[in-house]
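K.L.:
To start, I am sharing the structure in question, which I have written as structure tokens.
The values are calculated or read from the model by the stated rules, or taken from the named source; none is laboratory data. If you're wondering where the values come from, they're calculated on a predicted model, not measured in any experiment. Neighbour counts are summed over all protein chains in view; Cβ atoms, including those assigned to glycine, are modelled from backbone coordinates with ideal geometry. These accessible areas exclude ligands, DNA and RNA; they are computed on the full protein's heavy atoms, side chains included. Shrake-Rupley method; radii C 1.70, N 1.55, O 1.52, S 1.80 Å.
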Amino acid sequence: MIALAIETATPACAVALEVDGEVTEAVLDRERRHTEVLAPGVGRLLAAAGLAPGELERVVVDRGPGLYTGLRVGIATALGLALATGAALVEVTSLEVLAAAAARAGARGELVALVDARRGEVFAQRFSLEPLAALDAPRVLRPEALVSELGARPAGLGGDGAARYRAVFAGAEVLDLAVPPPSVALALARRREPVEAVVPLYLREADAVANFTTRTRAR
Amino acid sequence: MESVLGIETSCDETAAAVVRRDLVTLSSVVESSIDQHRDFGGVVPELAGRAHVATIRPVVERALREAGLDPRRPGIAGIAVTAGPGLVGSLLVGLSFAKALALAWDLPYVGVNHLEGHLFAPRLEAPGLEWPLMTLLVSGGHSMIVYQRGPGEHEVLGETVDDAAGEAYDKVARWLGLGYPGGPVLDRLAREGSPARLPLPRGMLGEGLDLSFSGLKTAVVRATEGRDDLALADVAAAFQATLAEQLLRKLRAALARHDARSVALAGGVAANSALREGVAALAAELGVAAHLPALAMCTDNAAMIAAAGLYRLAHDGASPLDLSARPNWDLREVA
Ligand SMILES: [Zn+2]
């Protein structure tokens with residue numbers, strides 16, 4: 001199996017390539033330069049493995065939640081590769097990849113995966129790690145609200161949303177895990193059926209529209 | 001004969017087209033998200049970006065298949081994609097998709113300036129149009145007069161200093177409660193009204209070739225506020241006549257100062273009936289050929305991007321894979 005994973009849900013852009021069980025991973029950039037670095041990075045990764053893009057059998061893409069522009073770049077790239085090569089498309093979410101990465105790193109019990117949603121909010125989802133299972137649905141909320149929900153329940157926190165609001169989560173264990181690793185996405189995708197289309201998991205559908213309406217009224 | 005795949009996602013249209021080297025269009029697919037923007041009186045960038053991600057693959061796949069090409073082995077010469085100007089969250093969808101295709105097919109691709117695409121649109125319908133060419137490019141985002149001695153050699157003679165012509169239509173339509181987009185409905189109403197009932201000040205009376213429409217919009221608001229006696233058709237007619245008068249006066253001045261053998265209308269507002277009649281009459285009077293685009297060529301499409309891309313690939317070569325989207329890419333920077 002030759003599979004490529006694309007990770008663009010945070011300011012970082014990362015890729016991983018699996019060739020017959022052997023996985024190579026590369027963080028291409030950490031400064032929101034997805035548009036610029038992703039395609040050349042995929043090209044270099046394939047070339048280093050001595051592969052032509054047409055040999056790709058599977059493209060795994062993180063559909064978020066996360067940075068909207070990053071997700072669009074990642075998903076559009078995955079869709080283009082799939083169309084041009086005939087590779088199967090498989091989707092994962094940023095939050096489940098973070099949880100699986102935490103479990104792989106040895107974390108136990110419960111984990112709340114958190115991706116920075118900007119505007120003072122985080123995308124969040126709770127997981128139990130042994131075995132990996134989601135305990136609720138992904139959502140967007142203020143970190144302060146999450147703190148009061150969690151109360152005294154012990155849970156590890158992972159993701160760039162946890163790192164950003166470390167002070168708000170004082171007392172909780174924050175794992176060193178900012179970027180959902182695409183190598184973990186490859187592992188998760190192994191047991192997953194391909195999809196025909198991928199759209200970002202926005203979680204804020206009405207928000208952009210609501211903001212626009214307010215803005216036009218004020219004008 | 002070799003072809004280029006064009007991709008356009010700069011605003012609310014997701015478009016793909018295959019155009020042959022001799023500028024014959026083999027396929028042209030356009031999907032618009034305009035219905036999602038109607039309630040907001042203008043294109044909502046976030047909604048446009050979301051629509052592009054959902055539409056890009058089926059649109060490109062359809063354009064390839066309608067041109068008789070296999071998406072796995074298309075046998076084309078390259079890919080052209082709009083890199084700017086436009087909404088950044090929309091541009092990067094087409095750009096990322098095009099880069100992925102270029103990488104997977106191992107083909108050259110080129111980032112095209114959207115406005116240069118509009119300048120190439122007349123060549124698709126009228127390949128025999130003679131140089132030099134004067135183009136009045138008017139849309140919801142842009143209004144300019146461009147002089148071209150040949151393909152790729154453009155000189156911006158004047159452009160709007162504030163609103164685009166199409167934007168003025170949208171704003172006036174919103175003020176009059178006519179919904180969005182404003183162009184078609186105001187044009188239809190204007191044909192039933194008389195411009196004489198509402199005198200509006202003419203804009204940009206100086207010698208320069210720049211354009212301005214925000215004053216006209218304000219004048220319409222002032223002149224109609226609290227006036228229940230005015231017929232909508234008469235307001236539309238007065239607005240449209242005043243706007244067209246300025247465009248045609250500046251176009252006439254441009255043609256007086258620069259030797260041109262043809263004049264073309266391009267962009268969304270090229271669908272406007274007053275402008276089409278005015279440009280045709282002006283060209284006839286001056287003895288130059290006039291090109292009025294088919295309605296499908298007025299709106300944003302990817303055939304024009306492919307046409308510009310054919311030229312850019314031949315003259316400048318391929319773009320690097322690390323190209324950024326350029327939301328404010330000025331046509332003057334396109335050498
Ligand atoms: Zn346009």
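K.L.:
Could you please let me know if B:A335 is outside any helix (DSSP H, G or I), modelled with pLDDT under 95 and within 30 Å of B:G208 (Cα to Cα)?
P.N.:
yes
K.L.:
Looking only at strands (runs of 3 or more DSSP E) that fall completely inside the stretch B:64-181, which ones have 2 or more residues that are buried (at least 19 other Cβ atoms within 10 Å of the Cβ) and within 13 Å of chain A (Cβ to nearest Cβ)?
P.N.:
Of the strands (runs of 3 or more DSSP E) lying wholly inside the stretch B:64-181, those with at least 2 residues that are buried (at least 19 other Cβ atoms within 10 Å of the Cβ) and within 13 Å of chain A (Cβ to nearest Cβ) span B:78-84, B:109-113.
K.L.:
Looking at B:S324, B:S319, can you tell me which residue is away from the ligand (no atom under 16 Å from the Cβ), crowded, with 21+ Cβ neighbours inside 10 Å and part of a loop (DSSP other than H, G, I, E, B)?
P.N.:
B:S319
K.L.:
Oh, and also: Tell me, which residue of the stretch A:146-171 that is among the small types (G, A, S) and open to solvent by less than 40 Å² (accessible area, probe 1.4 Å) is farthest from A:V60 (Cα to Cα)?
P.N.:
The residue in question is A:A155.
K.L.:
When only residues in the stretch A:165-196 that are over 16 Å from the mean Cα position of the chain (by Cα) and not in a loop (DSSP other than H, G, I, E, B) count, which is farthest from A:D116 (Cα to Cα)?
P.N.:
Here the residue is A:V195.
K.L.:
If you take the residues in the stretch A:5-53 that are within 13 Å of chain B (Cβ to nearest Cβ), of a type in the set (V, I, T) and over 15 Å from the mean Cα position of the chain (by Cα), which one is surrounded by the fewest Cβ atoms within 10 Å (Cβ to Cβ)?
P.N.:
Taking the candidates together, the pick is A:V37.
K.L.:
If you scan the stretch B:278-302, which residues turn out to be more than 16 Å from the ligand (Cβ to nearest atom), surrounded by fewer than 20 Cβ atoms within 10 Å (Cβ to Cβ) and touching a residue at least 12 places away in the same chain (Cβ under 8 Å)?
P.N.:
The answer is B:A280, B:L282, B:L286, B:V288, B:A289, B:A290.
K.L.:
From the list B:R222, B:R197, B:R191, which one is more than 20 Å from B:N272 (Cα to Cα) and in contact (Cβ under 8 Å) with a residue 24 or more places away in the chain?
P.N.:
Result of the check over B:R222, B:R197, B:R191: B:R197.
K.L.:
Would you confirm whether or not the stretch A:93-106 contains a residue that is open to solvent by less than 10 Å² (accessible area, probe 1.4 Å) and within 14 Å of chain B (Cβ to nearest Cβ)?
P.N.:
No, every residue in the stretch A:93-106 fails to be open to solvent by less than 10 Å² (accessible area, probe 1.4 Å) and within 14 Å of chain B (Cβ to nearest Cβ).
K.L.:
Just name the residue that is farthest from the other protein chains (Cβ to nearest Cβ) out of those in the stretch B:247-277 that are open to solvent by 20 Å² or more (accessible area, probe 1.4 Å) and within 16 Å of the ligand (Cβ to nearest atom).
P.N.:
B:A271
K.L.:
List pairs: first in the stretch B:310-335 and away from every other protein chain (no Cβ under 14 Å) and within 11 Å of B:P108 (Cβ to Cβ), second at pLDDT 95 or above and surrounded by fewer than 16 Cβ atoms within 10 Å (Cβ to Cβ), Cβ under 9 Å, 6+ apart or cross-chain?
P.N.:
The qualifying pairs are B:A314/B:R21.
K.L.:
Do we have B:E61 as surrounded by fewer than 20 Cβ atoms within 10 Å (Cβ to Cβ), away from the ligand (no atom under 16 Å from the Cβ) and not in a helix (DSSP H, G or I) here?
P.N.:
no
K.L.:
Restricting attention to the stretch A:56-114, which residues are in a helix (DSSP H, G or I) and free of Cβ contacts under 8 Å to residues at least 12 places away in the same chain?
P.N.:
A:A76, A:G80, A:L83
K.L.:
Also, quick follow-up: Could you tell me whether A:A39 is hydrophobic (A, V, I, L, M, F, W, C), over 18 Å from B:G94 (Cα atoms) and in contact (Cβ under 8 Å) with a residue 12 or more places away in the chain?
P.N.:
So A:A39 fails the test.
K.L.:
Going through the stretch B:1-42 one residue at a time, which ones are open to solvent by less than 40 Å² (accessible area, probe 1.4 Å), more than 16 Å from the ligand (Cβ to nearest atom) and not hydrophobic (A, V, I, L, M, F, W, C)?
P.N.:
Within the stretch B:1-42, B:S3, B:S27, B:G41 meet the criteria.
K.L.:
Please count how many residues of the stretch B:235-266 are basic (K, R) and within 21 Å of the chain's Cα centre (by Cα).
P.N.:
3
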